[in-house]
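Right, one structure below, let's go through it.
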């Protein structure tokens, strides 16, 4: 049986989209590889009603609510391939099984490419962050380090003094012009040009000259890319953003390939749980409306077709 919609990705955006479709009594298949982007974080902040909750608990509760709807199918696994056209999509899962659907919604999230600083990746989501709105308050106005990756790091350094005293570590990846340096100085941001040797302890930066600086937390601007290459293989247009690469969509969250939609971190910036949920809810409604209007148009064409007279 063909599903009304196949959703690749069962994190916050994908589940929010599924909920809209399930409440419209549509058949929905969610294929989820189980790799939430914030799986390393102990708490999630800034999401109304769940501020300070365990993100795994939020996801588990959401899934349990979806599973109350009888038109949901859920596969714990990866989407290995996808092909087809509107009303006739096929998604192949990692076990080789093929699944048919009329619409395809991509919500796989993104991967994060981090600066190659020893000790940073192990602390990602725990004491090294990318979003001050998600994690800045808990640093309690303490010392904050920003590890440069490029121009977005300058934006972080300008914003983060709202949450504490900031030091920007250029680490050989960012050059400041005089105007930018003056702006940061006016905000009280210290500039550290010495390269970073490693990160130790909770959030201690050890510099190449042996100096050690302790921080309440560190921020860095990771580079993002879709967590899978399904969109690219389907022919969906991608676009560059200050944060990396994402899938281009229109206002209805439809990609450049008719019948293929995308939502969440893979299709918008900036990123947070709240924004992913909102984007997913909108995408789910738009997928549903595309089905409704297509069905209405098809019924109208059938009514207008002349009836064949049997001879």
Check: Being farther than 24 Å from residue 247 by Cα, touching a helix residue (DSSP H, G or I) at 6+ places or on another chain (Cβ under 7 Å) and not in a loop (DSSP other than H, G, I, E, B), is that true of even one residue in the range 65-84?
Finding: yes
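Out of 258, 226, 161, report the one residue that is closer than 21 Å to residue 279 by Cβ and surrounded by fewer than 19 Cβ atoms within 10 Å (Cβ to Cβ).
Result of the check over 258, 226, 161: 258.
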Checklist line | Elements of type strands (runs of 3 or more DSSP E) contained in the range 186-281, each with 1 or more residues being touching a residue at least 60 places away in the same chain (Cβ under 8 Å) and closer than 21 Å to residue 36 by Cα | finding: 217-220, 223-226, 244-247, 260-262
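Which of the following residues is within 13 Å of residue 17 (Cβ to Cβ) and assigned by TED's automatic domain parsing to the domain that holds residue 38: 247, 287, 257?
Numbers: 247 fails: within 13 Å of residue 17 (Cβ to Cβ); 257 fails: within 13 Å of residue 17 (Cβ to Cβ).
Every option except 287 fails the conditions.
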Next item on the list: With the checklist (1) closer than 26 Å to residue 244 by Cα; (2) modelled with pLDDT of 95 or more; (3) surrounded by fewer than 17 Cβ atoms within 10 Å (Cβ to Cβ) in hand, flag the one item residue 175 doesn't pass.
Entry: (2)
Next item on the list: Answer with yes or no whether residue 113 is surrounded by fewer than 16 Cβ atoms within 10 Å (Cβ to Cβ) and touching a strand residue (DSSP E or B) at 6+ places or on another chain (Cβ under 6 Å).
Entry: yes
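Out of 260, 247, 309, which single residue is modelled with pLDDT under 95 and either within 19 Å of the chain's Cα centre (by Cα) or more than 23 Å from residue 91 (Cα to Cα) (or both)? Write out each step before concluding.
On the way: 260 fails: modelled with pLDDT under 95; 247 fails: modelled with pLDDT under 95.
Residue meeting the stated conditions: 309.
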Next item on the list: Might you check whether a residue that is touching a residue at least 24 places away in the same chain (Cβ under 8 Å) and more than 23 Å from residue 131 (Cα to Cα) occurs anywhere in the range 33-55?
Entry: yes
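The values are calculated or read from the model by the stated rules, or taken from the named source; none is laboratory data. Predicted, not measured: the structure shown is a model, and the values here were computed from it. Quick reminder, even Gly has a Cβ in these numbers, built from the backbone with ideal geometry, and neighbours come from all protein chains shown.
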